[in-house]
Every structure is written in C-alpha cells, then in structure tokens.
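Down below is the structure, laid out as structure tokens.
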Amino acid sequence: MAPLVCENVHKTFHQGDRAVAALNGVTLGVNAGQFLAVMGASGSGKSTLLHLMAGLTQADRGRVIVNATDLTSLGDRALTDFRRRNIGLIFQAFNLIPTLTAEENLALPIMLERRLTRSDHQKVRELLDRLGLTSRRTHRPDALSGGEQQRVAIGRALITEPAVILADEPTGNLDSSNSKVVCELLRDLSGVHGKTIVMVTHEPSVARYAQEVAVIRDGSLVAQFEVAEHDSESLAMRYQECLR
Ligand SMILES: Nc1ncnc2c1ncn2[C@@H]1O[C@H](COP(=O)(O)OP(=O)(O)OP(=O)(O)O)[C@@H](O)[C@H]1O
Ligand SMILES: [Mg+2]
C-alpha cells in the first residue's frame, strides 16, 4: 500500500452559522519515495489537505491512511505519538525556539523524548553537515538568515527519520536563491533518501522540483500530472489551464 492515501476526504469548517466546505471528497495516493506538489489558488483547500494528512485536523468523512495506519481511527494522544514517529512537518513560518541554538532546535524532537545519546549527537552532527549548517550550529535563530532557519526547521523534521515529509509553502518566506536550496534539498530527500514528500506551493518555479503535481480547486482535486523535465514554464501553463 502507498505510504500516504486520502480516500474521499471531506472537511467543512463552521464559524457561527457560516459553513465553509474546504474539501469536497479528495482521493489521492502518494507512493513511497514520490515527491508530490499540491497546487491551487488561495483558499482552495491545500493547507487543509496537508493538515488532514498530518492528523492535525480530523476529516468529517473519508479516511487518511499513513504507513498503513488510518489516522481517522486514532485518538489525540495516539495521533501525536504517531505523528512524532512517522511524519516530518515543515511550514512557511520556521517556528524555531528563539532561546535555543540551531543545533538544539534541530535536536528538539529527540530532546523532548530523552537525553541525547552519543549516537543521537552523531546523527545531529551529520544532519547539520548535510544541511550546510555546521558553522552555524551554535547560533540562535535571530542570528541565522531565513534560508538557514528553514534548513534548521527541515533538520528538525528529519531528525526522527520519518518516512513521510509534509511541507506547507516551505519557500513562502524565502528569497529565490534560498528557495532553490530548500527545493533541491526536498528533491534529494525523495530522490536520494527515498522519503515520501507532499509539498504545498502555488509557485510553478517551486513545484517543478516535484515529480508530480496535484491541483486543488474549490476543495476538489481537478488534475494530477507528471512534471515533464522540470520545466516551470510548461508547468505554469498547465496549471493555469486547470484554474480556468
Ligand atoms: N480553522 C478554520 N476555520 C474556518 N475556516 C477555515 C479554517 N481553516 C481553513 N478555513 C477555510 O477553508 C478554506 C480552505 O482553506 P485552506 O487554508 O486549506 O486554503 P489554502 O489553499 O491553503 O490557501 P492559501 O494558499 O491562502 O494558504 C478557506 O476558505 C479557509 O478560509
Ligand atoms: Mg495554505
């Protein structure tokens, strides 16, 4: 079974007497090691879909299956536990703890569970190196550039070695050269390290790093296509056609 499956998921938000149907029955599977970009206009339901995949929001109907576990069947505690072991989350805002160093922020998911062992320290050092952060490891977030902060946040998502990475507009706060670094990192995580990745973005220049694009419109999946030769111009045209 694919590591990530959404089956006919529905989600409506209620605010007072107003109901907003954010997702209207989305069915989507992501294979192991695949890198999928989810695109769509603002308010189309992209983040809602990602949050359902992460078990941060519960679906009203349908099933979300991650690594053969149906998230819709888990209680809050089990869900938190499951997420910690199986899913790495990356957001547009880096959400680093300002009083901790880059190294400590990266190691935080382990530090919350236990004292770091020697092999944990080794893993942290290797990951800092892979992310090009070794010389920055003792810096606090306010002494890091946006790109460096996002790389620390990516490290924090990877340190527990989850099979599935979910990223919501990970380049949204970055300039183009830092965006490129982050996109290349994500591409290598799937291509070289076999991670299954879903990344939300509305930028064709970012989506082109993925293997496949899924387009959401008004809470429904309207198209899914392969990214040909990572060409952002033809991707942009195809995407615009989906929105017409
Ligand atoms: N917690 C919430 N309460 C009420 N409405 C919500 C909530 N979260 C999302 N919505 C609504 O659901 C719809 C889909 O929102 P969602 O955040 O998934 O869109 P999005 O595609 O991620 O947009 P953007 O590109 O702006 O981030 C929107 O109409 C939004 O206002
Ligand atoms: Mg969003």
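The values are calculated or read from the model by the stated rules, or taken from the named source; none is laboratory data. These numbers were taken from a predicted model, which means no experiment stands behind them. Here Cβ is always computed from backbone atoms with ideal geometry, including for glycine, and neighbour counts include all displayed protein chains.
Observations on the model:
- Flag if GLN58 is farther than 30 Å from ARG140 by Cβ, out of contact with any strand residue (DSSP E or B) (no Cβ under 7 Å at 6 or more places or on another chain), modelled with pLDDT under 95 and surrounded by 13 or more Cβ atoms within 10 Å (Cβ to Cβ): yes
- Considering residues of the stretch 197-212 that are more than 16 Å from ligand 2 (Cβ to nearest atom) and touching a Phe, Trp or Tyr at 6+ places or on another chain (Cβ under 8 Å) only, the residue nearest to ASN86 (Cα to Cα): ILE197
- Checklist (1) of a type outside the set (A, V, I, L, M); (2) touching a residue at least 12 places away in the same chain (Cβ under 8 Å); (3) in contact with a Gly (Cβ under 9 Å, 6 or more places away or on another chain) applied to HIS193, failing item: (2)
- ARG114 vs. criteria modelled with pLDDT under 95, farther than 27 Å from LEU174 by Cβ and not acidic (Asp, Glu): yes
- Residues of the stretch 145-177 classified as part of a helix (DSSP H, G or I) and farther than 12 Å from ILE90 by Cβ, total: 5
- Output for the stretch 214-244, where each listed residue is of a type in the set (A, V, I, L, M) and over 18 Å from ARG187 (Cβ atoms): VAL215, ILE216, LEU221, VAL222, ALA223, ALA236, MET237, LEU243
- Enumeration of residues in the stretch 20-38 that are more than 9 Å from ligand 1 (Cβ to nearest atom) and part of a strand (DSSP E or B): ASN24, GLY25, VAL26, THR27, LEU28, GLY29, VAL30, PHE35, LEU36, ALA37
- Residue selected from the stretch 35-57 under the condition more than 22 Å from ALA163 (Cβ to Cβ) and more than 10 Å from ligand 2 (Cβ to nearest atom), by the criterion nearest to the chain's Cα centre (by Cα): MET39
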